[in-house]
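Contents: one structure, followed by commentary.
Read-outs: derived from the displayed coordinates by stated rules, not from any lab. Just so we're clear, the structure is a prediction, and the values are computed from it rather than from any experiment. Every residue, glycine as well, gets a Cβ built from its backbone with ideal geometry; the counts of neighbours run over all protein chains shown.
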Amino acid sequence: MRKLRTLDEFEEEYFRKHPEQIDDYLTEIFQEYTENNDYGTLLASLRVVAGVW
């Protein structure tokens, strides 16, 4: 059976290939958090970045 990749896995791969984009990504997710106060989205996005390191 074929294993499908998750969106998080795609994002982690992208940031491994383009680490210069991580700063912009972090800025964007924190801006969205300040507007929406959505802890779930913030934590999910931080997990993606943490998976890169």
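Report, in debye and to the nearest 20, how large the dipole of the chain comes out about its Cα centre when Lys and Arg carry +1 and Asp and Glu carry -1 on their Cβ.
About 460 debye.
Could you tell me which of rounded, prolate or oblate describes the chain, using a ≥ b ≥ c as the square roots of the eigenvalues of the alpha-carbon gyration tensor, with rounded for a/c under 1.5 and, failing that, prolate when a/b is larger than b/c and oblate otherwise?
Oblate shape, in that a/c is at least 1.5 and b/c is the bigger or equal ratio.
What 222 nm value per residue comes from the helices of the chain, counting each DSSP H run with n ≥ 4 as -39,500 (n - 2.57) and dividing by all residues, nearest 500 deg cm²/dmol?
-24000 deg cm²/dmol
Roughly speaking, what is the stretch gain from A44 to M1, that is 0.36 nm per residue apart minus the C-alpha to C-alpha distance, in nm to one decimal?
So the extension gain works out to 12.8 nm.
Round to the nearest 10 and give me the degree value, 0 to 90, for the angle of helix 7-17's Cα axis relative to the longest principal axis of the chain.
Taking Cα atoms only, the helix is inclined about 90 degrees.
Quick one: angle between helix 22-36 and the longest Cα principal axis of the chain, in degrees between 0 and 90, rounded to 10, please.
50 degrees
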